[in-house]
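Quick notes on the structure that follows.
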Amino acid sequence: MKLLSHILNRLHVKLEFPSVFVTDWKRKLLSEIEAQQAADVPLTDIVRYLDQQCAQLHRKAEGLGKGAVHSDRQLNAHTATMKRAQFIDQQRGQLYQVMVGRNLKGQELERAGQVDEAIVLYEANLRDQFDDAYPYDRLRIIYTRRQDYRNAIRACRAYLSLPDGTVGHDKARFRYQLEKLLAR
C-alpha cells in the first residue's frame, strides 16, 4: 500500500477513506493494486480489472436483491456487496484521475514552455495505455516539431495498438498521421 500511496501522493491524488474503515477485503484490494503497479502493469489494465470486479459485485448484489429480502442476513449481505462495489468503483476512478491529471499537468507545462517535463507525463500515460488520444497526439506533435520522427511514429503506433473498445474515432486520423510520418 505504501507504493500506491506514494504514487498517488506524488500526483496529488489522495485515497479517500478513514483508516478505521479499512477492512481485510479493502486491504487485499489495495495490496493487489499496489502489486500490479509494482509489476509495471499499465494503469488502464488495473482500471479494467477493477471494472470487472465491480461488475461481478453488481451481478451478485442483483441476485441478492431479487425478490423480497427475507432476513437481516440477506439485507446485510446485499448492503456489504454494494459497499464493496462502491469502494472498488472509487479506487478505479482515482486511478483514472491520475492519468487525466497527467494530461492536465502536461498541458500546463507546455504552456509554461517546459515541454520536456510535459513529455515525461505524456509518456507515462502512453506506458499506462491511457485510452484517450490526447497524450498520443501531443507526443506526435511535439516529436514531429523536433523532427524526432521515430518517436512520433512510436506514439501513433501506440495509440493504434490500443484495444478497439477503448478508443474512438481518432484511429483513422492516427493512421493518416502515421502514413505521413512514414513517408518522410
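Computed from the coordinates by the stated procedures, all read-outs in this text should not be read as laboratory data. Just so you know, these numbers come straight off a predicted model, no measurement behind them. So basically every Cβ, Gly included, is an ideal-geometry build from the backbone, and we count neighbours across all protein chains shown.
The listed peptides 117-130, 38-51, ordered by packing as a protection proxy, come out as 117-130, 38-51 (highest mean of other Cβ atoms within 10 Å first). Stretching Gln90 away from Leu160 to a fully extended chain increases their span by 22.3 nm, per 0.36 nm per residue minus the current alpha-carbon distance.
In order along the range 134-146, the phi-based Karplus estimate (6.51 cos²θ - 1.76 cosθ + 1.60, θ = phi - 60°) of 3J(HN,Hα) comes to 3, x, 5, 5, 4, 5, 4, 5, 4, 5, 5, 4, 7 Hz; Gly and Pro are listed as x. A Förster radius of 35 Å combined with the Cβ-Cβ distance from Tyr49 to Ala183 puts the calculated FRET efficiency at roughly 0.35.
Simple spin-label estimate for Ala77 and Lys60 gives 1.1 nm between the two label positions (7 Å along the Cα-to-Cβ direction from each Cα).
Need one word for the range 131-184: rounded, prolate or oblate. Basis is the Cα gyration tensor (sqrt eigenvalues a ≥ b ≥ c); a/c below 1.5 gives rounded, then a/b vs b/c decides. Note, shape of the range 131-184 comes out prolate. Pairs with C-alpha atoms separated by more than 24 Å, drawn from the list Lys28/Lys83; Lys60/Lys83; Lys28/Lys105, are Lys28/Lys105.
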